[in-house]
1. Provide the FRET efficiency to the nearest 0.05 for the Gln53-Gln26 pair, computing r from the beta carbons and using R0 = 30 Å.
2. What does the charge add up to near Ala57, with Lys and Arg as +1, Asp and Glu as -1, over the other residues with Cβ less than 14 Å from its Cβ?
3. Run the simple label-point estimate for Arg33 and Gln46 please: 7 Å along Cα→C-beta, distance reported in nm.
4. I need the phi-derived Karplus couplings for segment 38-49: 6.51 cos²θ - 1.76 cosθ + 1.60, θ = phi - 60°, integer Hz, Gly and Pro marked x.
5. In whole Hz, with x marking every Gly and Pro, tabulate ³J(HN,Hα) for segment 64-72 from phi via Karplus 6.51 cos²θ - 1.76 cosθ + 1.60, θ = phi - 60°.
Amino acid sequence: LGEDAPGGPEEENCCGLSFRPFILAQEREEKLRLQSQIKRLWEDNQRLQEESQTSAAKLKKFTEWVFNTIDMN
């Protein structure tokens, strides 16, 4: 096995024990953290889309009011 190959010397400590379980645990934690972040970002995106639609509707209503007010004068 080469030094960069899985199971190579870089995955073993001085006593010959594998770091693989530790690495897998870290990867699982990172995966959970990223999944949580994705969920939060998706929820933020949904909220922002709703706020954008609401703001667009309010702006349209206001613009119509302004033009109607101008037409009356």
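1. On the way: r = 41 Å, r/R0 = 1.36.
Once the sixth-power term is evaluated, E becomes 0.15.
2. Numbers: positive: Lys58, Lys60, Lys61; negative: Glu50, Glu51, Glu64.
Result for the neighbourhood of Ala57: 0.
3. For the pair Arg33/Gln46, the computed spacing is 2.5 nm.
4. Per residue, the Karplus-derived 3J(HN,Hα) values read 4, 4, 4, 5, 5, 5, 4, 4, 4, 4, 5, 5 Hz.
5. 4, 4, 4, 5, 5, 5, 5, 5, 6
Read the figures in this text as sums done on the coordinates, not as results from a lab. In this text, all values refer to a predicted model and were calculated from it rather than measured experimentally. Here the Cβ is made from the backbone with ideal geometry for all residues, glycine too, and neighbour counts use every protein chain on show.
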